[in-house]
Amino acid sequence: MRLANKIAIITGAGGGFGKGIAHRFVAEGAKVAVVDLRGDEADRVARALGDKAIALQADVGAPADVKRVISETASRLGKPDILVNNAGTTHKNKPILEVTEEEFERMFRVNVKSIYLFVREIAPVMRDGGGGVILNVGSTAGIRPRPGLTWYNATKGAVNLVSKSLAVELAPWKIRVSCISPVMGETGMLENFMGVPDTPENRARFLGTIPLGRLSRPSDIANAALYLASDEAEFITGVDFPVDGGRTV
């Protein structure tokens, strides 16, 4: 059990990558707070995980909600050892001049501000508890951006870079910080990234840009998160770990 007796908070865990991470962590002995804006989806995932999981409905861009997630996790499960900032959003792939200000602000609020809010609340808790692990889910879009997603690319570039900066600044408190950068995945946001219907023909065009020839899966991201969160990676911090089938090579 690679995460035995660990307490993890996973945002955006009502589906997609976050759900996959939650299932993997519980299978390896962790207790998990399943956090999602969609309370019903968080409940569904937590129920499937049994008594090692709790569901917390929260807006990751709202300071009061973030503070509540940390306090409820601590009171119901125990001091959090691991935080996975997975919650994210995008807009439909389209020309830059068609992106609305509302879409721009929503992406930075969910993808970037949420990390600021969670780190502000959890870093002192981890420091006082002797350390911890923070994993931020970035994207290959922050390394090798696709056209039509410029402002989404910018949010993920911020996630990728802030992870390295946090790793250096929080190292004296024994808090390891790393970033996982998936290529496009088999999640509910796929059609938005593609900007076209998810037909076999359109999918084939995108698969042609990934050397290993498939999209990422929640299990791929979960396996990477498991390693980085475990004691096996105790001397690893500040890495940007592409899980991309060779997309960024």
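The values are calculated or read from the model by the stated rules, or taken from the named source; none is laboratory data. Computed from a predicted structure; not experimentally measured. Please note: Cβ atoms are built from the backbone with ideal geometry, for glycine as well, and neighbour counts cover all protein chains shown.
Residues in the range 1-45 that are under 18 Å from Arg68 (Cα atoms), surrounded by fewer than 24 Cβ atoms within 10 Å (Cβ to Cβ) and among the small types (Gly, Ala, Ser): Gly39 alone. Scanning the range 48-66 for residues that are in contact with a Gly (Cβ under 9 Å, 6 or more places away or on another chain) and charged (D, E, K, R) gives a single hit, Lys52.
Here's the yes/no breakdown for (1) of a type outside the set (Asp, Glu); (2) assigned to a loop (DSSP other than H, G, I, E, B); (3) more than 18 Å from Gly12 (Cα to Cα); (4) modelled with pLDDT of 95 or more:
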{"position": "Ser178", "(1), (2), (3), (4)": "yes, no, no, yes"}
{"position": "Gly188", "(1), (2), (3), (4)": "yes, yes, no, no"}
{"position": "Asn192", "(1), (2), (3), (4)": "yes, no, no, no"}
{"position": "Asp198", "(1), (2), (3), (4)": "no, yes, yes, no"}
{"position": "Glu201", "(1), (2), (3), (4)": "no, no, yes, no"}
{"position": "Ser219", "(1), (2), (3), (4)": "yes, no, no, yes"}
{"position": "Ala225", "(1), (2), (3), (4)": "yes, no, no, yes"}
{"position": "Leu228", "(1), (2), (3), (4)": "yes, no, yes, yes"}
{"position": "Glu232", "(1), (2), (3), (4)": "no, no, yes, yes"}
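Gly185 meets each of the listed conditions (1) within 28 Å of Gly78 (Cβ to Cβ); (2) among the small types (Gly, Ala, Ser); (3) surrounded by fewer than 24 Cβ atoms within 10 Å (Cβ to Cβ) apart from (1).
Pairing residues of the range 85-112 that are free of Cβ contacts under 8 Å to residues at least 60 places away in the same chain with residues that are assigned to a helix (DSSP H, G or I) and hydroxyl-bearing (Ser, Thr, Tyr), at Cβ distances under 8 Å and at least 6 apart in sequence or on separate chains, gives Ile96/Thr150; Val99/Thr150; Met107/Tyr152; Met107/Thr155; Phe108/Thr155; Asn111/Tyr152; Asn111/Thr155; Val112/Thr155. Of the candidates Val243, Val239, the single residue that is touching a Cys at 6+ places or on another chain (Cβ under 9 Å), within 29 Å of Ile122 (Cα to Cα) and surrounded by 15 or more Cβ atoms within 10 Å (Cβ to Cβ) is Val239. The set of residues from the range 14-68 being among the charged types (D, E, K, R) and part of a helix (DSSP H, G or I) comprises Lys19, Arg24, Asp40, Glu41, Asp43, Arg44, Arg47, Asp51, Lys52, Asp65, Lys67, Arg68.
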